[in-house]
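Below is one structure, written out as structure tokens, with a few remarks after it.
The values are calculated or read from the model by the stated rules, or taken from the named source; none is laboratory data. Not measured: the values here are computed from a predicted model. For neighbour counting, all protein chains shown are included, and Cβ atoms are generated from backbone atoms with ideal geometry for every residue, glycine included.
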Amino acid sequence: MLFAQYYIDGKPHEVIQKGFPKRNAFNYRYFYNEKECRDYIQMVLNKSWYAKESLLKLPLLRNCDSLEVLEDTFVKLVMEKKLEVTLDCPTEMPAMVRPRYKQPEIILPKPLPVPEPEGERLDYKIVVEVAGVGPGDSQRINLSKDSEGRDALQGPQPHNAEASKHRSLVTLKGIPSEPRGLFIYIPMKGEPALRLRLVESASPVEETTDKASWENIIVPLKPLGYITEAMRRDQSALLPDGGWVYVFWRGKLWRELKVVNGMFFRDVRVEYFRNQRHGRLIKVNGDLRPALGMQLHSIWVPFKLNGEVQQGANAVHLLYSYVQWSWDKISELESNTAKLQKEGTSIDQIMSYESGKHFDHQQGNIGPIVSALTHQVKTEDEQSLNEQEIPRLSKHPKLIDRQRATKIPVVYLKAIDKRIILHFEMDSHAPKSRNDLFTLKTTDNSWQHASKPTVETCEFVDGTSTSWLELVFYDVPESGEFNLIQDPQEKGKKPFYIFRNMSYETLRTLNYQS
């Protein structure tokens, strides 16, 4: 780097080494003597915190280890014309005064030789620790670009030390000693990769450095679901296919992922849709957010960033939903910390990784993947459950067998099926294009959900001309009274009530599952 740049009182200044071309059509700043030059550099260092860092990148000033040495060396090199100061202001020309007598020639002592500029050192690294051994998928750690426009991308590799088989390391090496931003990098289908910021500025260390625990730690989570109100691990299963996992970090929605085959997860570009919602020009429907991320086996969440454990105001909470939430629902949780903590699943138990390097909790929402789903209660008599209402698949444990050796933790989310399913009689002669909207809502308007089945999905009752629509409503509150409204969606026809003031208990008796 042969030039340094900084701003004083809103105007750019540059210091360039001899031989490096003047940039930006700036004017040279002339100094009459060493005192004027020293006053200038002291003013610069007092007014600009960035000036010192920028000046120390110059090869001729790189070895200055204090402000005093920096000032002395700067003055010496400027007076020797080995450094030149330029700035965006009118040229200051020295006054031309004809001397009355001949100035005797002053012979200055020969300056000490200045060492040649050294090449850029690229023997630093940034390390991110990832809990678990080889939790491989397409999630990566990405560095922001450095001053030369270079970035870095790397996935985790298992740590080979015998005592450290609990972790993998992402080692981004061959970089300069320059603080960098940290991101989680997730490939997307048909569009640029998703980059989730973790740290604004992470400091590199020398490549020979090794640590028992690093300042930045990521924990991959494997979500499973409680399927009964008992909230027991032996009454859990893979998350229902097509549902959604929501990750809130620091009280804000950070990741939204669709569940695929109960085993995999696809990210939504959350911030894009958030910006669309709050922007002046709405180009997309923010409540229809496609999950275009590549399939992931686990969900990475931050545990420790720049040495700070993520808890309290920085805590992570996870939630599961059978349906994709509206932005109104998301905003409600973001603006109500107490509600988020009550409805969400805390992962504070991962703090055991700091001291014990494990997640072997026998109780709570965080547990070992080694034994997950291997001791399930399967018969109706043993679990006092209706097997038709809550089906079990014996293949579930086998689906995660290949991940048991990773030692990553399982997080158990609330995935209890609270659907209300109603059958509504429909005239079999109705046109197939008819698609009425049915809305179930509480009488106090605190909750509502709409179902829009088509006539094409009707099932005919044998021996009659009657067909039935299946109306499915998710996450129905277990208290209060409800109204069901039918909206014909046809010009000139108004919505009307099918029933009013019906209790939750009565709805459950109408539910075909009960």
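Of the residues TYR28, TYR32, the single one that is out of contact with any strand residue (DSSP E or B) (no Cβ under 9 Å at 6 or more places or on another chain) and in contact (Cβ under 8 Å) with a residue 60 or more places away in the chain is TYR32. When the stretch 464-479 is limited to residues that are in a loop (DSSP other than H, G, I, E, B) and surrounded by 14 or more Cβ atoms within 10 Å (Cβ to Cβ), the one that is modelled with the highest pLDDT turns out to be VAL476.
Okay, residues lined up against (1) over 16 Å from the mean Cα position of the chain (by Cα); (2) under 29 Å from GLY367 (Cα atoms); (3) not β-branched (Val, Ile, Thr):
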| position | (1), (2), (3) |
| --- | --- |
| GLN276 | yes, no, yes |
| ASP287 | yes, no, yes |
| ASN314 | no, yes, yes |
| HIS317 | no, yes, yes |
| TRP325 | yes, yes, yes |
| LEU333 | yes, yes, yes |
| THR345 | yes, yes, no |
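Which of the strands (runs of 3 or more DSSP E) found entirely inside the stretch 1-89 contain at least 3 residues meeting this: touching a Lys or Arg at 6+ places or on another chain (Cβ under 6 Å) and not aromatic (Phe, Trp, Tyr)? Even if it seems obvious, please write down each step before you answer.
Working: elements: 3-8, 11-17, 27-29, 83-87.
The strands (runs of 3 or more DSSP E) meeting that bar are 83-87.
Checked against the criterion of being surrounded by 14 or more Cβ atoms within 10 Å (Cβ to Cβ), closer than 21 Å to THR506 by Cα and at pLDDT below 85, the candidates PHE424, PHE438 yield just one match: PHE424. Just one of the numbered conditions (1) outside any loop (DSSP other than H, G, I, E, B); (2) without any contact (Cβ under 8 Å) to a residue 40 or more places away in the chain is not true of THR208: (1).
State whether the residues of the stretch 343-362 include one that is at positive phi and touching a His at 6+ places or on another chain (Cβ under 8 Å). Within the stretch 343-362 (the criterion being at positive phi and touching a His at 6+ places or on another chain (Cβ under 8 Å)), the answer is yes, since at least one residue qualifies.
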